[in-house]
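See structure below.
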């Protein structure tokens with residue numbers, strides 16, 4: 001006669017799994033950081049960075065101010081926000097237009 005092992009109950013997901021799936025205050029900054037790392041010592045306009053992040057404009061705008069060392073506003077007739085992958089490169093870019 002064959003005996004079966006009792007079924008094991010699988011453990012549910014932890015807090016980290018919940019945060020990474022549903023917490024925008026975790027997800028959005030993480031995506032922005034990843035996009036900036038991928039950008040490295042280069043720059044792009046904000047619209048391009050938003051697409052790189054895969055975020056909506058609203059979600060991106062809600063967390064933009066956490067990364068003020070990585071962007072500046074280029075003035076002119078149609079102001080554009082310029083994003084740099086590193087703080088050092090952003091400082092260099094600012095110096096060129098000021």
**OP:** Determine, yes or no, whether residue 82 is surrounded by 11 or more Cβ atoms within 10 Å (Cβ to Cβ) and not in a helix (DSSP H, G or I).
**Re:** yes
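Answer yes or no: is there a residue in the range 29-37 that is more than 12 Å from the chain's Cα centre (by Cα) and modelled with pLDDT of 85 or more.
At the first step, the residues of the range 29-37 found to be more than 12 Å from the chain's Cα centre (by Cα) are none.
So far as the range 29-37 goes, no, none of its residues is more than 12 Å from the chain's Cα centre (by Cα) and modelled with pLDDT of 85 or more.
The values are calculated or read from the model by the stated rules, or taken from the named source; none is laboratory data. Because the structure is predicted, anything quoted here is derived from the model rather than measured. Cβ: placed from backbone, ideal geometry, glycine included. Neighbour counts: every protein chain shown.
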